[in-house]
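The next block holds one structure in the form of structure tokens; read it before the comments.
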Amino acid sequence: MDVLGKGGRLLGTTGVQRRVRLLRQAWQPSVVDDRTHVLDAVAVLERGGLVAFPTETVYGLGADASDAEAVTRIFAVKGRPADHPLIVHVAGTEDLGRYTEVVPASALRLTETLWPGPLTVVVRRADHVPPVVAGGRPTLALRSPAHPVAEALLEAFGRGIAAPSANRFGRVSPTTAADVRADLGDDVDLVLDGGPCRVGVESTIVDCTGDLVVVLRPGGVPVEVLEGVLGAPVGRQAGPGAPAAPGTLPSHYAPRATVVVVLTVDEALDRAAAGGGRAGVLLPGAAEVPEGVTLLVADEDPDGYARVLYARLRQADQLGLDLLVAVPPAAHGIGVAVADRLQRAANATP
Ligand code: TXA
Ligand code: MG
């Protein structure tokens, strides 16, 4: 990766280079079928409509970021509180300077290496960006997604696209075009189909406005990769719901079933068997389950687990489960983001 050379000092380490190269390969989709509708999508965005589009993480619900009225529609369709800021999707690092007066060195370094990819940087918002996009905040979240359909859309549109995940507020994020339609119906004007998302959980969000880069939401880029690229430790947000991360509510990403998180398979089987009602387990690998308990299998490998996480949560609802007892994957790499999402799904339980 020649971009690694640009950042200086510690970027050249072979380990980080190799890790980033492997991540980049993993972000690429195997099915891409909807590049032909990109121009239709541009027309929808230009008249102030909403377009759902694939990214490597989850599907986004997009509107022209410079059109306050269109952005307001996103909030209405999602049922999202107005103070809950959106991410503006851009074509690449060269766009940072269009959305912030002074590009922080940390944001430049991270995006040169990891964009397009599942990383969102928070910077100070330039005055021309409508405040509604940022939930009235003086900062703005920016991300360049690694998906051929999203990249083609951004290039053809030529401006930033504000987009949250394309689900109703608080529900499970969509990882296929069909998920989007099932959740949003005709409230979205056009859905671009780019196949199933490769990463499966949302982007890692980092605040680059201070001296220390702080992770506001764990996601597709593991923290150890950020630290490798920066050559410096990053901070972690104090706790769910702290003021810096308005979007990371303690309860979110929730299926209808009650979610309980436990650490071992045995505990999961016991809890599910004792649960009453229709109970299921979500495990990082196959296991023999007691009679009456539904088995949902995710991958043992954290990347594989992340890829199917939201599909399994949706499945729990389709199967009419009342209780889902989940064992998270190993807590390294993207496993940290998976555990975070499962915990928030569990916190949504009344
Ligand atoms: O992978 C992703 O990030 C997906 C795809 C579609 O790009 N998008 C996504 O958007 O997850 P959303 O709206 O579901 O989550 C955006 C998060 C929220 O938690 C929000 O609070 C946070 O980003 N955020 C946005 N602007 C922010 C800002 N200025 N400061 C702090 N957090 C911000
Ligand atoms: Mg979301």
*Hey, Arg171 hits all of (1) among the charged types (D, E, K, R); (2) closer than 27 Å to Pro222 by Cα; (3) at pLDDT 95 or above but one; which does it fall short on?*
(3)
*Determine the pairs where a residue that is at positive phi, located within region 172-196, has a partner that is surrounded by 17 or more Cβ atoms within 10 Å (Cβ to Cβ) with Cβ atoms under 6 Å apart, the partner being 6 or more residues away or on another chain.*
Gly195/Pro29
*Test: Val149 is within 12 Å of ligand 1 (Cβ to nearest atom) and in a helix (DSSP H, G or I)*: no
*Please tell me if Val122 is more than 8 Å from ligand 1 (Cβ to nearest atom) and among the hydrophobic types (A, V, I, L, M, F, W, C).*
no
*Out of Gly285, Gly292, Gly275, Gly280, report the one residue that is farther than 21 Å from Asp179 by Cβ and under 26 Å from the mean Cα position of the chain (by Cα).*
Gly285
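Considering only region 143-178, state which residues are charged (D, E, K, R) and surrounded by fewer than 24 Cβ atoms within 10 Å (Cβ to Cβ). Before you say what the answer is, go through the steps one by one.
Going through region 143-178, the residues charged (D, E, K, R) turn out to be 143, 151, 155, 159, 168, 171.
Of everything in region 143-178, those that are charged (D, E, K, R) and surrounded by fewer than 24 Cβ atoms within 10 Å (Cβ to Cβ) turn out to be Glu151, Glu155, Arg159, Arg168, Arg171.
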_Exclusive hit being surrounded by fewer than 22 Cβ atoms within 10 Å (Cβ to Cβ) and part of a loop (DSSP other than H, G, I, E, B), set Asp270, Asp299_ = Asp299
*Is it true that Gly92 is open to solvent by less than 70 Å² (accessible area, probe 1.4 Å) and either at pLDDT 95 or above or touching a Ser or Thr at 6+ places or on another chain (Cβ under 6 Å) (or both)?*
yes
_So in region 218-252, with the set limited to residues that are at pLDDT 95 or above and within 16 Å of ligand 2 (Cβ to nearest atom), which one is surrounded by the most Cβ atoms within 10 Å (Cβ to Cβ)?_
Gly220
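Out of Gly195, Gly210, Gly200, which single residue is touching an Asp or Glu at 6+ places or on another chain (Cβ under 7 Å) and part of a loop (DSSP other than H, G, I, E, B)? Outline the logic, then answer.
Working: Gly210 fails: touching an Asp or Glu at 6+ places or on another chain (Cβ under 7 Å); Gly200 fails: touching an Asp or Glu at 6+ places or on another chain (Cβ under 7 Å).
Among Gly195, Gly210, Gly200, only Gly195 is touching an Asp or Glu at 6+ places or on another chain (Cβ under 7 Å) and part of a loop (DSSP other than H, G, I, E, B).
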_Test of understanding: among Ala345, Ala331, which residue is surrounded by 20 or more Cβ atoms within 10 Å (Cβ to Cβ), modelled with pLDDT under 95, among the hydrophobic types (A, V, I, L, M, F, W, C) and within 19 Å of the chain's Cα centre (by Cα)?_
Ala345
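The values are calculated or read from the model by the stated rules, or taken from the named source; none is laboratory data. Since we're looking at a predicted model, the values are computed, not measured. Note that we place each Cβ from the backbone using ideal geometry, even for glycine, and neighbour counts take in every protein chain shown. The area values use the complete protein model at the heavy-atom level, side chains included, leaving out ligands, DNA and RNA. Shrake-Rupley method; radii C 1.70, N 1.55, O 1.52, S 1.80 Å.
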